Structure formats: structure tokens, C-alpha cells
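The values are calculated or read from the model by the stated rules, or taken from the named source; none is laboratory data. This one's a predicted model, so the numbers in the text were calculated from it and none came from an experiment. Cβ placement follows ideal geometry from the backbone for every residue including glycine, while neighbour counts extend to all protein chains displayed. SASA here: full protein model, heavy atoms, side chains in, ligands and nucleic acids out. Shrake-Rupley method; radii C 1.70, N 1.55, O 1.52, S 1.80 Å.
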Amino acid sequence: MPSFQSLPGFREFYPEAFARRHHIFRLWRKAAYAYGFQEYDAPVLEPLDLYRAKSGEEVEAQLFSFTDKGDREVALRPEMTPTVCRMVGARAGSLKRPIKWFSIAEFYRYERAQRGRERAFFQFNADVFGESGPEAEIELIALLVQCLAGFGLTAEDFSIRLSDRDLWFFYLEALGFTEIQARSLLSAIDKFEKIGDDAFEGYTTQHGELAPALKAKILEFLQVKSLVQMEAALAPFGSDKLAKRLNDWRQVLDGLAAMGLAPFVEVDLGVVRGLAYYTGFVFEAFDRKGDLRALAGGGRYNDLVKKLGGPDLPAVGFAIGDVTTGLLLEQRGLMPALVKFADVYAVIGGKAERTAAFADIRALRAAGWRVDYAFKDLAFGKQFKAANESGARIALIYGGDELARGVVKVRDLTARQEHDVPREQIVAAVRDFLAHG
Ligand code: HAM
């Protein structure tokens with residue numbers, strides 16, 4: 001017997017689940033528009049090479065890839081960043097800067113089954129191209145806060161951990177590591193929070209045992225949780241480059257504080273990000289209770305547009321996922337429960353009344369209201385039950401008695417009050433009620 005079940009990690013969205021997804025997307029899109037970002041979209045299937053050596057080992061190992069009928073090696077997109085870099089790179093000359101773009105799209109990664117991770121999931125991606133200063137980070141981190149705060153989540157529910165790969169390279173090189181060693185150490189640091197000391201195994205295999213004194217220095221830097229601690233840890237290595245970098249840090253933190261967002265942002269050098277292309281500030285959003293996987297992640301990637309054949313264009317961005325966001329909203333009771341699909345429900349007495357009702361239903365729908373009614377003649381009680389279940393705020397009652405008088409009975413389903421409205425005024429009456437009622 002063949003199995004007709006959906007594949008593991010690929011979700012079906014029944015209407016209630018779809019309504020929850022729509023709720024999330026709607027508020028993300030609203031946030032992006034409020035911040036002046038423009039929406040774009042891109043192909044689901046891409047040349048495999050777009051991700052090879054660009055996204056990093058972890059994502060590369062998780063690709064859904066195959067050879068198509070034209071013998072091309074292709075992959076379902078695991079993320080948007082390489083694609084958006086190619087798109088922006090191809091038109092960089094004609095796009096007004098800063099380029100602020102966003103998208104909401106589905107991505108595919110062959111992940112191990114676990115809570116908060118699927119094999120097909122949605123991300124909201126927001127990226128700024130053409131701005132090398134920390135103004136872009138301020139804009140994006142503020143937008144990320146809004147992508148969660150828009151649902152009613154507060155600084156007690158989530159935080160954004162801000163870190164810096166530039167600073168890590170500076171520190172590790174000051175300790176005497178080469179760039180290649182520093183890269184390998186950063187991937188160890190990325191895993192350290194999850195697996196502890198085992199994270200350094202890869203480094204040891206490649207570069208030999210790590211001197212205990214140096215390891216201690218690294219673990220110390222990993223603990224940095226504020227700008228003051230950062231300055232103290234770096235004081236022995238003072239240089240112009242470092243001073244400039246610390247100034248960038250101050251600018252980001254001051255900018256976010258001026259927007260009233262300081263309570264959402266934490267300095268945490270333990271975040272270094274697994275993806276290969278990040279070059280500067282990096283950040284991740286987590287729930288404060290810490291029982292969910294990351295809500296969002298991002299950072300600066302100044303070399304990627306050029307690596308993909310475009311001009312030298314600085315870039316920074318982030319992606320927030322629908323799965324962990326949805327879980328957090330449910331945990332906090334912030335996911336609306338009722339699936340409303342109607343504003344108005346027409347309760348129809350019988351065959352003769354149906355003709356009159358149909359004319360009004362069409363007019364109301366044309367005016368933009370969501371109107372529903374029973375396909376078959378049913379008892380009034382059943383129709384009112386359906387009206388309540390539809391989420392409608394008013395029922396229009398088409399009874400023989402009302403129609404004889406040229407009126408419709410309008411019933412407020414919440415206040416349980418009703419009054420008659422002349423039929424020719426029904427569209428205006430519904431509009432007045434739903435706008436002000
Ligand atoms: P990422 O950290 O790989 O970054 O993914 C960002 C977010 O997507 C995660 O924090 C998580 O919410 C969600 N996500 C990732 N994988 C899964 C999965 N298997 N199931 C459910 N949700 C998932 C990136 O993708 C970067 N391209 C972000 C970026 C944009 N950087 C710059 N611009």
C-alpha cells in the first residue's frame with residue numbers, strides 16, 4: 001500500500017492553522033511597511049551552486065537538492081540571502097539607496113525532527129543594502145523588535161542578543177591566532193552553548209590542542225554581557241581600529257535606546273551565527289524562558305553580493321521564522337483563537353425570501369463585507385447557531401413578515417438587540433454598524 005501521508009516536516013494548513021499563519025504574516029508585513037521596506041519575491045528552486053560554500057556546512061548538508069531533467073543541479077531554497085544578493089547585485093546601479101527590502105516566503109531544509117524545526121517553514125526576511133554604517137543595524141534590530149512586539153509580546157517575553165564577528169576576529173588575532181584558526185574557533189563558539197567543550201574538537205583536529213590559558217581567555221570573552229565588560233576585556237589591545245569599532249557599538253546601543261528599545265537588547269558575545277557569510281554585527285532573538293529554538297537570526301554580510309558576481313555592496317539583514325514565533329504566541333496566549341470568516345450572516349426564512357436575500361447578499365459582498373448564509377432552508381435556530389460560529393457580528397433576518405413590510409431585521413449578535421432597516425438602505429446600515437458598532 002503506498003502511503004498518502006504528507007512528508008515529515010511538511011505541514012498542512014487547515015483553515016484554523018492557516019488563519020494563525022495569516023495573522024503572523026499580516027503583522028510582519030504591517031511592521032515592514034511601517035519601516036519603509038519594499039516587498040519582493042524570488043524563485044523557490046535555484047542552482048545548487050548558489051548555496052555551495054556560501055551558506056555554510058550546516059545548511060549545505062540540509063539541502064533538498066536533485067538533478068533536473070535538463071541535467072542541472074538544483075536545490076529548493078534553504079534561505080533567501082544568496083538569492084536577494086543576486087537580485088540586488090544585478091540592479092544595484094539603478095536602485096535608490098539605501099535599499100530596504102523584505103519578503104515572506106517558504107524555505108526547505110532537511111532538518112532532524114524536533115520542536116520548533118520543520119523541513120518546510122516560512123521566514124520573513126528584511127535586508128538593507130548600500131549602508132555600511134551601524135544606522136542599518138539600528139533600523140533592522142528595531143524592525144525585528146516590532147515583528148515580535150506587534151503581537152503584544154514584551155521585553156519580558158523575548159530579547160535580541162547582539163554580538164560581533166569583527167570584534168571576535170580582532171580579539172582572537174590579538175591573542176595570536178591566524179584568520180583560519182579564528183574562523184574555526186568561531187564555529188566552535190557557535191556550538192559551545194549547546195554542547196560545551198566538545199565544540200572545540202573540530203579545532204583540535206585541524207590545528208592541534210588549544211593552550212589552556214588561551215581557551216580560558218576565549219571563554220572569558222564569551223561571557224561578555226555589556227559594553228563596559230567589552231571595553232575592559234579589550235583594554236590591553238587598544239588601537240584606532242578597535243576604538244572605531246567600539247564607537248559603532250555605542251552608536252547601535254544609543255540609537256536603539258533612543259527608540260525606547262534598550263530593554264529588548266542584550267550584549268552577548270556567545271552569539272556568532274553558524275552561517276558562513278557574516279562579517280560584522282550578528283544578532284539572534286530568543287524567548288526569555290529559553291525553551292524554544294531561536295526566533296530569528298541575522299547580521300552583516302558585506303562580501304556576499306560581490307562573491308555572487310555583483311558590485312561591492314555592504315549588506316545587513318535578518319530572518320524571523322513562523323514556527324517558533326507561532327509557538328511563543330501560543331505559549332503566551334497571544335494567538336487569537338476564533339477563526340472568523342464572516343462579518344454578516346443572512347438568516348433566510350424560505351424559498352421566496354431567498355430571492356430577496358440573494359440580491360442584498362451580492363450587494364453587501366460587492367461593498368467588501370464578508371457575508372455568509374446557509375445553502376439549504378434550515379430552521380432559524382440552526383441558522384443562528386451557524387451565524388455565531390461564523391464570527392459574524394450581525395445577522396440579517398429575511399422573514400416573510402419583514403419582506404412584506406419592505407424591511408430587513410438587523411440583529412446585533414453580541415448585544416442581542418435587533419431593529420428593522422428598509423431594504424434599500426441595507427448596505428449603508430451594515431456599513432454604519434460595522435464601522436461604529
Ligand atoms: P537562520 O538563523 O538560518 O538565518 O534562520 C532564521 C530563522 O529561521 C531561525 O531563527 C528560525 O526561526 C527559522 N528557521 C530556520 N530553520 C528552520 C527550520 N528548519 N524550521 C523552522 N524554522 C526555521 C537565515 O536563514 C539567514 N539567511 C537570515 C538572514 C537574512 N541573514 C541576513 N539576512
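Whenever a residue of the range 36-52 is in contact (Cβ under 8 Å) with a residue 12 or more places away in the chain, its partners that are surrounded by fewer than 14 Cβ atoms within 10 Å (Cβ to Cβ) and basic (Lys, Arg), lying with C-beta atoms within less than 8 angstrom and at least six residues away or across chains, give the pairs PRO47/ARG72. Just to be sure before I move on: is GLU137 touching a residue at least 12 places away in the same chain (Cβ under 8 Å), acidic (Asp, Glu) and assigned to a loop (DSSP other than H, G, I, E, B) in the structure I sent? No. Consider GLU57 carefully, then state whether it is touching a Gly at 6+ places or on another chain (Cβ under 8 Å) and either open to solvent by 10 Å² or more (accessible area, probe 1.4 Å) or farther than 22 Å from ASP303 by Cβ (or both). No: the conditions fail for GLU57. The number of residues in the range 114-139 that are out of contact with any Cys (no Cβ under 9 Å at 6 or more places or on another chain), within 17 Å of ALA32 (Cα to Cα) and of a type in the set (Phe, Trp, Tyr) comes to 1.
Against the conditions (1) open to solvent by 90 Å² or more (accessible area, probe 1.4 Å); (2) closer than 21 Å to PRO314 by Cβ; (3) outside any helix (DSSP H, G or I), ARG183 satisfies every one except (3).
Restricting to the range 272-288, what's the tally of residues that are in contact with a Phe, Trp or Tyr (Cβ under 8 Å, 6 or more places away or on another chain), open to solvent by 10 Å² or more (accessible area, probe 1.4 Å) and either at pLDDT 95 or above or more than 9 Å from the ligand (Cβ to nearest atom) (or both)? Of the residues in the range 272-288, 3 are in contact with a Phe, Trp or Tyr (Cβ under 8 Å, 6 or more places away or on another chain), open to solvent by 10 Å² or more (accessible area, probe 1.4 Å) and either at pLDDT 95 or above or more than 9 Å from the ligand (Cβ to nearest atom) (or both). Condition (residue is in contact with a Lys or Arg (Cβ under 7 Å, 6 or more places away or on another chain) and not aromatic (Phe, Trp, Tyr)) applied to the range 196-213: is it met by at least one residue? Among the residues of the range 196-213, at least one is in contact with a Lys or Arg (Cβ under 7 Å, 6 or more places away or on another chain) and not aromatic (Phe, Trp, Tyr), which makes the answer yes. Take ILE104 and decide whether it is more than 30 Å from MET230 (Cα to Cα), among the hydrophobic types (A, V, I, L, M, F, W, C) and in contact (Cβ under 8 Å) with a residue 40 or more places away in the chain. For ILE104, the condition - more than 30 Å from MET230 (Cα to Cα), among the hydrophobic types (A, V, I, L, M, F, W, C) and in contact (Cβ under 8 Å) with a residue 40 or more places away in the chain - is met.
Quick grid of which residues meet (1) more than 16 Å from the ligand (Cβ to nearest atom); (2) over 22 Å from the mean Cα position of the chain (by Cα); (3) surrounded by fewer than 21 Cβ atoms within 10 Å (Cβ to Cβ); (4) aliphatic (A, V, I, L, M):
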| site | (1), (2), (3), (4) |
| --- | --- |
| GLY238 | yes, yes, yes, no |
| GLY255 | yes, yes, yes, no |
| GLY290 | no, no, yes, no |
| ALA294 | no, no, yes, yes |
| LYS306 | no, yes, yes, no |
| GLY317 | no, no, no, no |
| VAL323 | no, no, yes, yes |
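Screening the candidates LEU313, LEU242, LEU269 for the property of being more than 20 Å from ILE138 (Cβ to Cβ) and open to solvent by less than 50 Å² (accessible area, probe 1.4 Å) yields one hit, LEU242. Tell me which residues, restricted to the range 325-339, are open to solvent by less than 20 Å² (accessible area, probe 1.4 Å) and not aliphatic (A, V, I, L, M). Within the range 325-339, THR325, GLY326 qualify. Got at least one residue in the range 15-35 being in contact with a Lys or Arg (Cβ under 7 Å, 6 or more places away or on another chain) and buried (at least 19 other Cβ atoms within 10 Å of the Cβ)? No, there is no match, as no residue in the range 15-35 is in contact with a Lys or Arg (Cβ under 7 Å, 6 or more places away or on another chain) and buried (at least 19 other Cβ atoms within 10 Å of the Cβ). Taking the criterion of being in contact with a Lys or Arg (Cβ under 6 Å, 6 or more places away or on another chain), away from the ligand (no atom under 16 Å from the Cβ) and of a type outside the set (Gly, Ala, Ser), would at least one residue in the range 336-354 satisfy it? For the range 336-354, residues in contact with a Lys or Arg (Cβ under 6 Å, 6 or more places away or on another chain), away from the ligand (no atom under 16 Å from the Cβ) and of a type outside the set (Gly, Ala, Ser): present. Looking at the range 140-178 only, could you name the residues that are under 27 Å from ALA34 (Cβ atoms), assigned to a helix (DSSP H, G or I) and open to solvent by less than 10 Å² (accessible area, probe 1.4 Å)? Within the range 140-178, LEU140, ILE141, ALA142, LEU143, LEU144, VAL145, CYS147, LEU148 qualify.
For the range 112-134, give me the residue count where each residue is in contact (Cβ under 8 Å) with a residue 12 or more places away in the chain and part of a loop (DSSP other than H, G, I, E, B).
The qualifying residues number 10.
Among strands (runs of 3 or more DSSP E) entirely within the range 340-437, having at least 1 residues that are farther than 30 Å from ARG20 by Cα and open to solvent by less than 20 Å² (accessible area, probe 1.4 Å) singles out 344-348, 394-398, 407-412, 417-422.
Exactly one residue out of PHE380, PHE375 is without any contact (Cβ under 8 Å) to a residue 12 or more places away in the chain, within 28 Å of PRO422 (Cβ to Cβ) and of a type in the set (Phe, Trp, Tyr): that is PHE375.
Residue pairs whose Cβ atoms lie under 7 Å apart, separated by 6 or more positions or on different chains, with the first residue in the range 59-72 and among the basic types (Lys, Arg) and the second open to solvent by less than 90 Å² (accessible area, probe 1.4 Å), are ARG72/PRO47.
ARG109 - would you say it is in contact with a Lys or Arg (Cβ under 8 Å, 6 or more places away or on another chain), surrounded by 20 or more Cβ atoms within 10 Å (Cβ to Cβ) and without any contact (Cβ under 8 Å) to a residue 60 or more places away in the chain? Yes.
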